[in-house]
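Here is the structure we will look at, set down as structure tokens.
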Amino acid sequence: MSLGLYVARRVAVLVPTLFFVSVLIFSLQKLLPGDAAIALAGEEGDPAVVAAIRAKYHLDRPVVAQYGIWVGRVLRGDLGESLRNKIPVTELLASKLPVTIELALCSMLIALVLGIPTGVLSAVRKGTAVDVAANALALSGLSVPHFWLGIMLILLFAVRLGWLPASGYVPPWEDLRRNLTTIVLPSIVLGTGVAGVMMRHTRSAMLQVLSADYVRTARAKSVPERLVVLKHALRNALIPVITLGALEFGRLLSGAVLTEQIFAIPGFGKMLVDGVFNRDYAVVQGVVLVSAALYVLLNLLADILYFLTNPRLRGA
Amino acid sequence: MSQAGVALALAAAVETRRPSALRRLLRRPLAVVGLAVVAAFVAVAVAAPLVAPYDPIKTNFVAVRKAPSDAYRLGTDEVGRDVLSRLIWGARASLLAGVIPVTLALVVSVPLGLLSGCAGGWLDGLIMRITDAMLAIPFLIVAIALAAFLGPSLVNAMIAIGIAALPTFVRLARGSALAVTTEEYIESARSLGCSRVRIAVRHVLPNIVPPLLIQSSLTAAAAIIAEASLSFLGLGQQPPAPSWGSMLNAAQRYLVQAPWMAIYPGLMIFGIVMSLNVLGDALRDALDPRQG
């Protein structure tokens with residue numbers, strides 16, 4: 001199968017998924033108790049304002065028509081306007097998303113640096129104390145509540161030791177050094193959870209590969225063990241781990257919501273929480289929509305990566 | 001073999017497998033520790049009125065932010081409430097948040113998954129596309145968005161978490177059901193004239209329990225973290241009722257003056273979540289036939 005055909009097939013499957021995603025996100029506003037127009041205007045909303053909102057959001061039209069109008073606008077890149085600061089939601093997203101992407105990339109880097117070597121070590125030393133310790137660490141990384149870990153790191157590194165700022169964010173183009181000092185703690189917080197997942201997957205992939213025939217052959221012709229592990233085994237074991245990395249992005253986005261809240265980082269997650277507290281429903285819908293779109297795109301990317309790294313699929 | 005014979009053979013197979021799975025589970029020291037910790041948390045939550053030294057919501061302005069001492073083992077909070085008593089009562093919210101969303105997800109997803117896996121066709125396609133769409137939105141973001149639109153309360157938070165957990169269970173139930181329906185005993189039940197509903201309920205359902213059990217344990221852990229996260233944001237348990245998440249929210253403002261307010265609630269969440277994850281892993285090892 002050619003890459004083009006493969007991608008076309010994957011994209012064709014995405015169309016119904018995206019349709020249902022849009023229906024789910026549209027239905028969110030139908031969950032608002034009572035009259036949505038009153039909820040949007042606030043309990044003491046002026047009747048004229050309520051009427052204006054009803055007309056503006058076409059709340060007087062049938063639900064199917066409302067959905068059609070909403071999707072039409074979303075497809076044109078119009079996600080509505082933030083009730084709070086009267087800025088288009090797309091503009092808000094465009095300013096917040098890069099911050100979260102930087103946080104996610106730094107966290108992913110930490111996760112890879114921590115997760116893959118520990119996974120390899122744990123597989124190579126299976127059953128030893130090193131393996132047990134690595135597994136315990138991975139499980140701790142998966143079990144620790146992000147927001148609590150964040151608070152504890154602030155307590156240690158900002159309050160007690162005074163090495164790093166407790167919160168805030170400086171864009172990298174303003175001051176790269178200060179940017180890094182503000183991003184390091186939140187990246188560690190987010191990275192640990194993903195590192196746990198990476199470690200466990202690297203370990204099981206390595207164990208599988210290390211028992212494969214070609215590894216035995218390599219050992220039989222006395223290839224040095226270091227080379228067997230790093231060249232023959234790891235290269236193949238990394239394929240599923242790398243594709244998993246793309247999927248773990250969803251976990252990073254989820255984690256970013258609270259991490260950004262704790263470290264007062266003006267990103268995508270904080271935008272969601274602020275939207276929730278200001279009852280700014282267009283913002284909430286926008287964030288959910290973009291996180292779903294990102295997830296779907298990364299899934300597609302993972303599929304393509306998997307296709308490119310797996311020659312057997314190309315023959316199919 | 002008669003229908004009764006098939007049923008007997010199946011029952012015998014199930015009978016002989018169950019104790020060995022349980023025995024395999026109990027042979028793992030980590031599983032026993034995990035089980036014991038979870039049992040201890042449940043016991044403390046149930047016996048909260050008996051074991052809590054103080055009233056968890058009664059304020060005491062002469063004992064504000066007192067450090068841990070003999071009178072207050074884990075210190076007091078910003079309005080003089082005993083941290084230990086609030087932790088003990090808070091275990092109720094957390095454990096409920098572990099149990100109710102999982103139960104909700106199971107009750108809705110098992111019939112849907114069975115229907116999808118056993119019926120196939122357009123219905124299967126429709127159910128799968130909807131779960132795909134739900135899976136596309138990260139777990140906590142679904143839960144936060146739903147809790148925001150439903151309104152802040154512990155019950156709504158649990159409903160939101162249950163809905164967010166749904167698609168994983170539907171996929172798992174369907175996948176397991178599909179795998180089971182290719183087995184020979186299902187074929188023989190079908191050739192004996194068993195109805196589709198009977199096959200689904202009597203023959204498929206018992207065989208998809210192990211993967212669902214493992215997932216339940218892991219989801220309970222995720223649900224406890226999600227409840228704590230929602231309560232931390234003010235979308236779950238409402239004050240003054242205690243919850244570990246909302247205790248952490250208050251603690252954040254007094255990190256310098258009263259670090260004990262932040263340390264213990266997080267340790268509790270970490271402890272119960274770690275135990276459930278250990279238990280889930282051990283269950284997987286014990287129930288997965290491939291593990292020998």
Divide by every residue of chain A the summed helix terms, -39500 (n - 2.57) for each DSSP H run of at least 4, and state the resulting mean residue ellipticity at 222 nm, rounded to the nearest 500 deg cm²/dmol.
-> -24000 deg cm²/dmol
Given a Förster distance of 30 angstrom, what is the FRET efficiency for B:SER69 paired with A:ARG177, based on the Cβ-Cβ distance and rounded to 0.05?
-> 0.10
Neighbour-count ranking [beta-carbon atoms within 10 angstrom, fewest first] of A:ARG200, B:ARG253, A:ARG279 = B:ARG253, A:ARG279, A:ARG200
GNM, chain A, Cα, under 10 Å: largest mean-square fluctuation among A:LEU247, A:LEU258, A:LEU24?
-> A:LEU24
Cross-link reach from B:LYS66 to lysines, straight Cα distance under 17 Å and at least 8 residues apart if same chain, gives B:LYS58
Quick one: which of A:91-100, A:149-158 comes out on top by average Cβ neighbours within 10 Å, and what's the full order, highest first?
-> A:149-158, A:91-100
Could you work out the mean count of beta carbons from other protein chains within 10 Å of each residue's beta carbon in B:123-134?
-> 4
Output ordering of B:208-218, A:171-181, A:137-147, A:66-76 (per-residue mean of other Cβ within 10 Å, highest first) is A:137-147, B:208-218, A:66-76, A:171-181
Which shape class, rounded, prolate or oblate, goes with chain A when its Cα gyration tensor gives a ≥ b ≥ c as root eigenvalues, a/c under 1.5 marks rounded, and past that a/b bigger than b/c marks prolate?
-> oblate
Pull out a ≥ b ≥ c, the square roots of the eigenvalues of the alpha-carbon gyration tensor of segment A:230-316, then state rounded if a/c is under 1.5, prolate if not and a/b is larger than b/c, and oblate in the remaining case.
-> oblate
Please report the relative contact order for chain A, taking Cα pairs under 8 Å with a sequence separation of at least 6, and give it as a percent rounded to a whole number.
-> 25
When we measure straight from the Cα of A:LYS86, which lysines land under 24 angstrom away, once same-chain ones fewer than 8 places off are left out?
-> A:LYS30, A:LYS56, A:LYS96, A:LYS270
What is the average number of partner chain Cβ atoms found within 10 Å of a Cβ in A:134-145?
-> 5
Exposure proxy check on B:THR103, A:THR243: fewest-to-most Cβ neighbours within 10 Å is B:THR103, A:THR243
Within 10 Å of each Cβ in peptide A:147-160, how many partner chain Cβ atoms are there on average? Round it to a whole number, please.
-> 5
List the DSSP H helices in chain B whose Cα atoms stretch 27 Å or more along the helix axis and whose mean Kyte-Doolittle hydropathy is at least 1.0.
-> B:83-119, B:154-181, B:209-232, B:260-287
If each residue's Cβ is checked for other Cβ atoms within 10 Å, how do A:PHE263, A:PHE19 rank with the fewest at the top?
-> A:PHE19, A:PHE263
With a Förster radius of 35 Å, plug the Cβ-Cβ distance of B:ALA47 and B:VAL108 into 1/(1 + (r/R0)^6) and report the FRET value to the nearest 0.05.
-> 0.65
For chain B, what class follows from the C-alpha gyration tensor (a ≥ b ≥ c being the square roots of its eigenvalues): rounded when a/c is under 1.5, otherwise prolate if a/b is larger than b/c, else oblate?
-> prolate
MRE, 222 nm, helices only [DSSP H, n ≥ 4, -39500 (n - 2.57), over chain B, to nearest 500] = -24000 deg cm²/dmol
Over all Cα pairs of segment A:1-103, how is the pair count split among 10 Å bins, expressed in % and running from 0 up to the last occupied bin?
-> 12, 32, 32, 16, 6, 2, 0
Looking at chain A, do any whole DSSP H helices span at least 15 angstrom along their long axis by alpha carbon and average 0.5 or above on Kyte-Doolittle, and which?
-> A:3-28, A:63-75, A:89-124, A:129-143, A:176-210, A:234-247, A:249-262, A:281-309
In a GNM of chain A with a 10 Å cut-off on Cα contacts, which of A:ALA237, A:ALA220, A:ALA129 has the highest mean-square fluctuation?
-> A:ALA220
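Computed from the coordinates by the stated procedures, all read-outs in this text should not be read as laboratory data. These figures come from a predicted structure and were not determined experimentally. Neighbour counts run over all protein chains shown; Cβ positions are idealised from the backbone, glycine included.
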